[in-house]
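The values are calculated or read from the model by the stated rules, or taken from the named source; none is laboratory data. These numbers were taken from a predicted model, which means no experiment stands behind them. All Cβ positions, even for glycine, are placed from backbone atoms using ideal geometry, and neighbour counts span all protein chains on display.
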Amino acid sequence: MVSWTGLLAQILAIALALALAPLLMGWVNQWRAWLQNRRAPSLLQPYRTLHKLFHKESVLAENASPLFRIAPYIVFGCMALACGIAPTLSTDLPLAPAADAIALVGLFALARVFISLAAMDVGTAFGSLGARREMLIGFLAEPALLMVLFSASLITQSTSLARIVETLAHQSFAIYPSLAVAGVAFTFVSLAENARVPVDNPATHLELTMIHEALILEYSGRHLALIEWAAALKLFAYSCIGLALFFPWGVAEAGTPLAILFAIPALVLKLAVGGVLLAVIETINAKMRLFRVPEFLATAFLLAVIALLVHVLLGA
Amino acid sequence: MDFHGLGIDFERLATPLPIWHGAVDADRWEALARAVAEARGRLVSLWAGDRRATGGGFVVSAAYAGLDGLLIAELTLDAEAPAYPDLASFFPAANRLQRAAFDLVGVAAAGAADRRPWLRHGAWPADFFPLRHDADPQARFDPQPDDYPFVPVEGDGVHEIPVGPVHAGIIEPGHFRFSVVGEKVLRLEERLGYKHKGIEKRFVGMDLDSGARLAGRVSGDSTVAHAWAYAMAAEALAGTSIPPRAAWLRALLLERERVANHLGDLGALGNDAAFGFALAQFSRLRENWQRLSRDCFGHRLLMDCVVPGGIAADLDGDAAARLLGQAADTRRAVEELKRIFDEHAGLQDRLVTTGRVTPALAARLGLAGLAGRASGQGVDLRADFPWAPYDRLAVQACTHLNGDVAARVATRFAEVFESLRLIEDILAQLPAGEIHTPVLARPDAVGAGWVEGWRGQVFAALETDAAGRIARCHCHDPSWQNWPVLEHAVIGNIVADFPLINKSFNLSYSGQDL
């Protein structure tokens, strides 16, 4: 049964994600600049960039197929939907029964497939290069992400993200070794999936070292704006999933408007802290060699397996 | 004086470093190249000229560095079918220099395997040679077809990645053609020359002082080195010797230029490994450095400070104190940053073993300057032929044996500390006196200059006409020697590491395209 508060929470969650995702990006960039002793760009800079791109002409290659044109919308749609599935504000979400954790991973994979196909569509060397690298990272990151979600599912006996959050938030306050290990694995995967240092460098202009940026080199105007916005949404979605799994406190369970209202500041606070931590990670690390990435993601997978084993063996 | 027993009459030019000039015939041209190669000497530069207007023919000149100093051999060629024996079989670096000489003057290297155009990108026809005296500098041509045959690499799964000349970032234009299997580089071929702007033609007819301004703009990051090499050539040609204070101040400028470039490169190298912290810190140091250069010498990059006969402006005691203070501050900061670089495991993992040029390969290909020293080639003019004021400063050449990106980083750090030491010693010992002597150009004379710039040996050759104006000026940047070695340095590395390897060499496009 879809309650009206549930519907409200759902709409609010997606609207909040769309509105806040660029802000999170700006916040991370600001902290990165501060940590490097630079003067920081404005917190609102990502909005200005999106505004600028939406008002620019979109230039297409002559041989671009319709796939190239629709890919940004698909990617954007996938990321917006992912933000809707992740229990950011409330666990009483109409969309939640429609898609569980496994579907969420599939959603990310779908976006990856389309952006990679679009990158190869125009036929430039960098597009293929980026698509190849993106797939290398994707096929290693997805299993690790699934294992992390499975270890959380084992604890709560459900693959529904909303159920997982409800159960975890209700458990007595204690340190779960399995969750702690899974949290580290999840951090590794998030860095790789969101093209952050040490796996990729979102600020680079060196086309030969790019992964994510190489995929989107041919995009401009509103297409690029959608992709940039989708990238911000992806970071937002990953952050929310991480918070939901490992720091579920503050998410509204009862669908009362007041609880949802209180959930917003809790979410913003948690995201702000998470953003600072991401900036710290990005400042103290250098980008690793491309062929160290498989080792890095294999480590993430291994940690996720350990988390599962810890749960099975210790029951914690 | 005769070298290598070849019967060539070399004449010493009036330069502070030992530079010798002599005419050769075609047999001795080749014999000298062989003798220099066997004695492990190096080719410094090769250039051609056109003297038909004054009753001569075409000339081609080669400059070799050896234990005796710099030998410049000049070969006069037939006016109808100018050709000279190929040097690329002795010195691989001669390949592109010979192709450029053909594109500009139309003198061919007989027997050369590679005769593709180098500077001519279809902007002028194949039978037009812009540096010939009868070539109209105002001539305009429709774009010519430009089918440059890259060397193909074939095999299962081999494909090409063309990069540039327009890049994603704002950098100089150059085209890089990678042949790769997956991520692994099998072969890299460079195509440069996009920044050819006719500097050597522009020199013709200038007086010595205007030429100094142009020479200082050959490569913006090496303006002091190029201006000093040019000024040395002008002074040799005129028979002028500069006042001691001017020489000391020139060395001060050269070391400041070296430190500024090394600071910039170290930051950029960190940034290319996504270690943005390094870029922010080194950029701050470099910016402070350049601001003080502007305050003390009037130009952030020190352009137009070195002029024929001395230097343009004197340094007062107050400025000297500020320079000393900045040297001490910079040393403290760089020491701390070096510690961070050395202890950062992630960064070291990117740098160590990447882009390796072994000392043997470096010697065979003639890797020059800073990159050469990082590959065990202990060549540094300031230490090998210490001219005033370096004869009083006991410069230590900073060398490394590993030849990888990490070695080039370590060499930069070592050279920053050595240059800071030199700056302090220069300021402590700076003699008083004049800073400029008038230089009166002699007609129909030759001069040459040779200076250890931050990137390597910068060379200039100068000739005057009957009126004492410039008939030919050739400015040589060490990038000519090092670009071809970069092609070897990336073999076997992954494509994603190329920007880091390229930055560790940091070669000039503009300075060699001229």
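Out of A:THR167, A:THR256, which single residue is without any contact (Cβ under 8 Å) to a residue 24 or more places away in the chain, more than 14 Å from chain B (Cβ to nearest Cβ), more than 22 Å from the chain's Cα centre (by Cα) and surrounded by fewer than 23 Cβ atoms within 10 Å (Cβ to Cβ)?
Just a single option satisfies the conditions, and that option is A:THR167.
Of all residues in segment A:110-126, how many are within 13 Å of chain B (Cβ to nearest Cβ) and not aliphatic (A, V, I, L, M)?
Of the residues in that region, 3 qualify.
List the pairs whose first member sits in segment B:144-166 and is within 13 Å of B:PHE178 (Cβ to Cβ), whose second member is of a type in the set (Ser, Thr, Tyr) and in a strand (DSSP E or B), and whose Cβ atoms are under 7 Å apart, counting only residues at least 6 apart or on separate chains?
Going by the 7 Å Cβ cut-off, the qualifying pairs are B:VAL153/B:SER179; B:VAL158/B:SER179; B:GLU160/B:SER179.
Filter segment A:175-195 for residues that are without any contact (Cβ under 8 Å) to a residue 40 or more places away in the chain and farther than 30 Å from A:LEU290 by Cα and give the result.
A:ILE175
Return yes or no: is B:ALA345 over 21 Å from B:ALA231 (Cα atoms), of a type in the set (A, V, I, L, M), within 14 Å of chain A (Cβ to nearest Cβ) and free of Cβ contacts under 8 Å to residues at least 24 places away in the same chain?
Answer is yes for this residue.
Does B:ASN261 satisfy the condition of being closer than 30 Å to B:GLN348 by Cα, within 24 Å of the chain's Cα centre (by Cα) and buried (at least 18 other Cβ atoms within 10 Å of the Cβ)?
Taking the combined requirement at face value, the residue satisfies it.
Given (1) more than 14 Å from every other protein chain (Cβ to nearest Cβ); (2) part of a helix (DSSP H, G or I), identify the lone condition not met by B:LEU401.
Against the list (1) more than 14 Å from every other protein chain (Cβ to nearest Cβ); (2) part of a helix (DSSP H, G or I), B:LEU401 comes up short only on (2).
Take A:LEU129 and tell me if it is touching a residue at least 60 places away in the same chain (Cβ under 8 Å), within 11 Å of another protein chain (Cβ to nearest Cβ), surrounded by fewer than 24 Cβ atoms within 10 Å (Cβ to Cβ) and on the phi < 0 side of the Ramachandran plot.
Taking the combined requirement at face value, the residue does not satisfy it.
Residue-by-condition table, conditions (1) in contact (Cβ under 8 Å) with a residue 60 or more places away in the chain; (2) within 14 Å of chain B (Cβ to nearest Cβ):
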position	(1), (2)
A:HIS223	yes, no
A:ALA266	no, no
A:LYS270	no, no
A:VAL276	yes, no
A:PRO294	yes, yes
A:LEU308	yes, no
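In segment B:260-273, what residues are touching a Ser or Thr at 6+ places or on another chain (Cβ under 7 Å) and free of Cβ contacts under 8 Å to residues at least 60 places away in the same chain?
Selection gives B:GLY267 alone.
Give the number of residues within segment B:143-174 that are under 21 Å from B:LEU486 (Cβ atoms), more than 13 Å from chain A (Cβ to nearest Cβ) and exposed (fewer than 10 other Cβ atoms within 10 Å of the Cβ).
So the answer is 1.
Tally time: how many residues in segment B:200-219 are surrounded by 19 or more Cβ atoms within 10 Å (Cβ to Cβ) and either closer than 22 Å to B:PRO143 by Cα or free of Cβ contacts under 8 Å to residues at least 12 places away in the same chain (or both)?
Going through segment B:200-219 one residue at a time, the tally reaches 1.
Here is a yes/no grid of residues against (1) touching a residue at least 60 places away in the same chain (Cβ under 8 Å); (2) out of contact with any Lys or Arg (no Cβ under 9 Å at 6 or more places or on another chain); (3) surrounded by fewer than 16 Cβ atoms within 10 Å (Cβ to Cβ):
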residue	(1), (2), (3)
B:ASP86	no, yes, no
B:SER89	no, yes, no
B:ASN95	yes, yes, no
B:ASP114	no, no, yes
B:ARG132	yes, no, no
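Quick check on my filter: what residues within segment B:158-193 are touching a Phe, Trp or Tyr at 6+ places or on another chain (Cβ under 7 Å) and within 22 Å of B:ALA123 (Cα to Cα)?
B:VAL163, B:GLY164, B:PRO165, B:GLU172, B:PRO173, B:GLY174, B:ARG177, B:GLU189, B:GLU190, B:ARG191, B:LEU192, B:GLY193
Give just the number: which of (1) among the hydrophobic types (A, V, I, L, M, F, W, C); (2) within 26 Å of B:PHE505 (Cβ to Cβ); (3) in contact (Cβ under 8 Å) with a residue 12 or more places away in the chain does B:ALA360 not satisfy?
That leaves (3) as the condition not met.
Checking A:LYS287 against (1) assigned to a helix (DSSP H, G or I); (2) in contact (Cβ under 8 Å) with a residue 40 or more places away in the chain; (3) under 30 Å from A:ALA203 (Cβ atoms), only one condition comes out false. Which one?
(1)
If only one of B:ARG217, B:ARG250 is in a helix (DSSP H, G or I) and of a type in the set (Lys, Arg), which one is it?
B:ARG250
Considering only residues that are assigned to a helix (DSSP H, G or I) and of a type outside the set (A, V, I, L, M, F, W, C), which ones fall in segment A:238-252?
Matches in segment A:238-252: A:TYR238, A:SER239, A:GLY242.
What is the one condition in (1) in a helix (DSSP H, G or I); (2) more than 14 Å from chain B (Cβ to nearest Cβ) that A:ILE281 does not satisfy?
Condition (2) is where A:ILE281 drops out.
Select, from B:ALA268, B:ALA274, the only residue that is at positive phi and within 14 Å of another protein chain (Cβ to nearest Cβ).
B:ALA274
Given the criterion over 14 Å from the mean Cα position of the chain (by Cα) and at pLDDT 90 or above, identify the matching residue among A:VAL184, A:VAL197.
From the options A:VAL184, A:VAL197, the qualifying one is A:VAL184.
Would you call B:ARG177 within 14 Å of chain A (Cβ to nearest Cβ) and basic (Lys, Arg)?
The answer is yes for B:ARG177.
In segment A:187-200, how many residues are within 13 Å of chain B (Cβ to nearest Cβ) and closer than 27 Å to A:GLY77 by Cβ?
5
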